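Student: Shown below is the structure under consideration.
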Amino acid sequence: MGAVLKLTTAEQTLLQQLPKGDVAARLREHGLPGRRKEGWRWSDLRSVLKEPIALSDPYAGTISPTALILENAGELIFANGRLVGHPSYLPPQIRISRQSAHLGTPGAPLAAIASELSDGAHIVEIVGKLPSPVLIRYLSDGSGMHQTRVQVRLAPDTEATIIEHHESTEGAWLSNNLCEFSLNSKSHLTRIVVQEGAPGAIGAITGLVMLGDRATYTQIGLGFGGKMVRDETQIVHVQRGAKAKLSGAYLLDDKNHLDNTTRVEHRAIEGLTEELYKGVLRGQSRGVFQGKFFVARDAQKTDARMSHHALLLSENAEVNAKPELEIYADDVQCAHGNTVGSLDENVLFYMRQRGMSENEARAILVDAFVGEVLEGIKHEQLREQLVTKVRDFMGGGA
Amino acid sequence: MLTISNLHISVDGAEIVKGLSLDVPAGEVHAIMGPNGSGKSTLSYAIAGRSGYDVTKGDIQLEKKNLLQMEPEERSASGLFLSFQQPMEIPGVGTMSFIRTSLNAQRKARGEEGVSAADFLRLVRAKAKIVGLTDEQLKRPFNVGFSGGEKKRMEMLQMAIFEPRFAIMDETDSGLDIDALKMVGAVVNALRTPDRGFLIITHYQRLLDHINPDRIHVLADGKIVKSGGAELATELESDGYDKFAGEAA
């Protein structure tokens, strides 16, 4: 028998909230994920969460209607974990329902806790081609913990764009959002994840994606981190010939921490995965990138490529990156690349010789660096707003 | 116009330029020739204000303004242009946007109006024709995938658009064929007016055949060891730099 883990105050209080069962038992045995746990080495949630954990009060702030302006977009708003008002402008191709039956427990520890504590799941069923995107807003404020579980199901031949905006006002909350997607055969989903957190915010976004026969999934993220934010994506190629394009840009300043962890599992033949993450770090911020490709023995003809590139704009910023391949099939193409560097002084001098100020030159280079990710967003109105967020980040002085 | 007096430049603590004085009056084109390692590029970087090129002594003035107290972008806005020996590639930044941002940054710093997109397009098209760059090349990210010669054309395009008061051309001729050399000559000669000056850094006479400089200076071991008229280039071409290496020492 090993020594019994001494639970922190946060863990003890969290345990009191959880119904009895596997998730509670796992928490009692292993605690919250932290640096001793595989996959959490650089995001020590256990040591960051010190205070007792209570459930959040209802959202106190005013819900601004204009966080991201998207004409004709359907909108769902979750505030401190609760669905607020009625979904608006939803086209007939979407049906939303609430399911209180248990939908199974995901393996990722925070996703498992979210599934236990959320009062069932919100099911979003989409059939046919969506004429305009759906915006799902996740708002957080105050203190305490809140969670959501949203399951998006795409019928065969369906085409949809979902934009998630994880927003926050001031506070030291813990938000825990589980976002599941199942793509039936030949369906196409674009998922855009925008994460903006208050400096004291702790949060987890767990995206679990199941790809059916020749389905295509495109994910583009833009994250700014918080006290500790984990954006985890797990994609499974369940059936043959699916395509996943997984990308994200992160811009971190001050003491912000953002962890992008991805796992792509190829279980079927002829799957394609392209993954690209790019980070820009200033101040004393910390970025984590963990990318894993797992290719099962039967997943022949898999083509999977991963790259992560980070730019450090200050001496005190830090990036930890871990690309990983685990391959059991023999007829596959898999590659990964990872670079961490700073802006090229030769290029900066060249631009200044042409008349640009140093700050302007840096902003242009960062814009171009991150642009490779954002240019994948087809929705022009959204892309422009995200590009503006990148410029605002650099406008604060480099 | 450009007045350099007793200039000493160190790079990483090693003195490269050792007491150089030079005066290029307005309306003149001067050439600096010299062997590898004589300090030619070091001189051009120090004039443009690159960090790491420390002026330990001496003075550089452009139209009586002390360049050494100015940031690189301020020197640029004052009308100083450096055609780089090895121009940069800038992935993700469109050529048109790069040049227009540069031009408008210079203009803004001088208190002038920015150039509109339409006027800029007309200007670029006209100048691109002269330097031999195609519309397709102008649509690419700045210099990305360009050959050495194409990058030099891009330098000349910018020079033609910015119309600087004073241009330093650091080995613009290297890697260029005969037609491209003629083009460089045409761009320089078109800008050659009584209120502009040029400093052309080169190893060879061949570019000077198309430009016909007013004066030629020989730089060896960080100093100007000989100055003369255009005929000096011919002399150097046949005799080489060896005898000057001795004189400098």
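The values are calculated or read from the model by the stated rules, or taken from the named source; none is laboratory data. Not measured: the values here are computed from a predicted model. Heads up, the Cβs are rebuilt from the backbone with ideal geometry, glycines too, and the neighbour counts pull from every protein chain shown.
Student: Counting only residues that are more than 12 Å from residue A:280 (Cα to Cα) and more than 8 Å from chain B (Cβ to nearest Cβ), which one in the range A:359-373 is surrounded by the most Cβ atoms within 10 Å (Cβ to Cβ)?
Tutor: Checked the range A:359-373; the qualifying residue surrounded by the most Cβ atoms within 10 Å (Cβ to Cβ) is A:361.
Matching residues to (1) in contact with a helix residue (DSSP H, G or I) (Cβ under 7 Å, 6 or more places away or on another chain); (2) under 20 Å from residue A:373 (Cβ atoms); (3) surrounded by 16 or more Cβ atoms within 10 Å (Cβ to Cβ); (4) not hydroxyl-bearing (Ser, Thr, Tyr):
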residue	(1), (2), (3), (4)
A:300	no, no, yes, yes
A:307	no, yes, yes, no
A:310	no, yes, yes, yes
A:315	no, no, no, yes
A:327	no, no, yes, yes
A:332	no, no, yes, yes
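Student: Just checking, how many residues over the range A:260-285 are within 21 Å of the chain's Cα centre (by Cα) and part of a loop (DSSP other than H, G, I, E, B)? Can you show your working first?
Tutor: Of the range A:260-285, the ones within 21 Å of the chain's Cα centre (by Cα) are A:260-266, A:272-282, A:285.
Retained after the next criterion (residues that are part of a loop (DSSP other than H, G, I, E, B)): A:282, A:285.
Result for the range A:260-285: 2.
Student: May I ask you to verify whether residue A:325 is within 14 Å of chain B (Cβ to nearest Cβ) and either under 25 Å from residue A:244 (Cα atoms) or not in a strand (DSSP E or B) (or both)? Give the steps one after another, and end with the answer.
Tutor: On the way: within 14 Å of chain B (Cβ to nearest Cβ): no; either under 25 Å from residue A:244 (Cα atoms) or not in a strand (DSSP E or B) (or both): yes.
Spelling it out, it is not the case that residue A:325 is within 14 Å of chain B (Cβ to nearest Cβ) and either under 25 Å from residue A:244 (Cα atoms) or not in a strand (DSSP E or B) (or both).
Student: I'm checking my understanding of the structure. Among residues of the range B:89-111 that are touching a strand residue (DSSP E or B) at 6+ places or on another chain (Cβ under 8 Å) and within 7 Å of chain A (Cβ to nearest Cβ), which one is nearest to residue B:45 (Cα to Cα)?
Tutor: In this case the residue turns out to be B:90.
Student: Taking residue B:26 as the residue in question, decide whether it is outside any strand (DSSP E or B), over 30 Å from residue A:387 (Cα atoms), touching a strand residue (DSSP E or B) at 6+ places or on another chain (Cβ under 8 Å) and in contact (Cβ under 8 Å) with a residue 40 or more places away in the chain. Steps first, please.
Tutor: Details: outside any strand (DSSP E or B): yes; over 30 Å from residue A:387 (Cα atoms): yes; touching a strand residue (DSSP E or B) at 6+ places or on another chain (Cβ under 8 Å): yes; in contact (Cβ under 8 Å) with a residue 40 or more places away in the chain: yes.
When the stated conditions are applied, residue B:26 passes them.
Student: Right, next: Within the range A:237-246, can you find the residues that are in a strand (DSSP E or B) and surrounded by 20 or more Cβ atoms within 10 Å (Cβ to Cβ)? Step through it out loud before you land on a result.
Tutor: If we filter the range A:237-246 for residues that are in a strand (DSSP E or B), which is where we start, we get A:237, A:243-246.
Result: A:237, A:244, A:246.
Student: Of all residues in the range A:374-395 being closer than 20 Å to residue A:162 by Cα, within 14 Å of another protein chain (Cβ to nearest Cβ) and in a helix (DSSP H, G or I), which is nearest to the chain's Cα centre (by Cα)?
Tutor: The extreme case among them is A:374.
Student: Can I ask one more? Do the conditions hold for residue A:163, that is, is it under 21 Å from residue A:386 (Cβ atoms) and of a type in the set (A, V, I, L, M)? Even if it seems obvious, please write down each step before you answer.
Tutor: On the way: under 21 Å from residue A:386 (Cβ atoms): yes; of a type in the set (A, V, I, L, M): yes.
Against the criterion (under 21 Å from residue A:386 (Cβ atoms) and of a type in the set (A, V, I, L, M)), residue A:163 qualifies.
Student: To continue, here is another question. Considering only residues that are at the interface with chain A (Cβ under 9 Å from one of its Cβ atoms) and buried (at least 18 other Cβ atoms within 10 Å of the Cβ), which ones fall in the range B:75-87? Outline the logic, then answer.
Tutor: Here is the first cut: in the range B:75-87, the ones at the interface with chain A (Cβ under 9 Å from one of its Cβ atoms) are B:75-77, B:80-82, B:84, B:86-87.
Hits for the range B:75-87 are B:75, B:76, B:77, B:80, B:81, B:82, B:84, B:87.
Student: Taking the conditions exactly as written (among the aliphatic types (A, V, I, L, M) and modelled with pLDDT of 85 or more), does residue A:63 satisfy them or not?
Tutor: On the way: among the aliphatic types (A, V, I, L, M): yes; modelled with pLDDT of 85 or more: no.
So residue A:63 does not fit the description; no.
Student: Taking the residues in the range A:328-358 that are part of a loop (DSSP other than H, G, I, E, B), away from chain B (no Cβ under 14 Å) and of a type outside the set (Asp, Glu) as candidates, determine which candidate is nearest to the chain's Cα centre (by Cα). Talk me through it step by step, then tell me what you get.
Tutor: Restricting attention to the range A:328-358, the residues satisfying the condition of being part of a loop (DSSP other than H, G, I, E, B) are A:328-332, A:342-344, A:354-357.
If we keep only those that are away from chain B (no Cβ under 14 Å) as well, we get A:328-332, A:342.
So of that shortlist, the ones also of a type outside the set (Asp, Glu) come out as A:328-329, A:332, A:342.
Details: A:328: 27, A:329: 28, A:332: 27, A:342: 25 Å.
Once the filter is applied, the top-ranked residue is A:342.
Student: Condition first: assigned to a strand (DSSP E or B) and at pLDDT 95 or above. Now tell me which residues in the range A:185-203 satisfy that.
Tutor: First, pick out the residues of the range A:185-203 that are assigned to a strand (DSSP E or B): A:188-195, A:202-203.
Of everything in the range A:185-203, those that are assigned to a strand (DSSP E or B) and at pLDDT 95 or above turn out to be A:188, A:189, A:190, A:191, A:192, A:193, A:194, A:195.
Student: Name the one entry in A:115, A:140 that is part of a strand (DSSP E or B) and more than 22 Å from residue A:185 (Cβ to Cβ).
Tutor: The unique qualifying residue is A:140.
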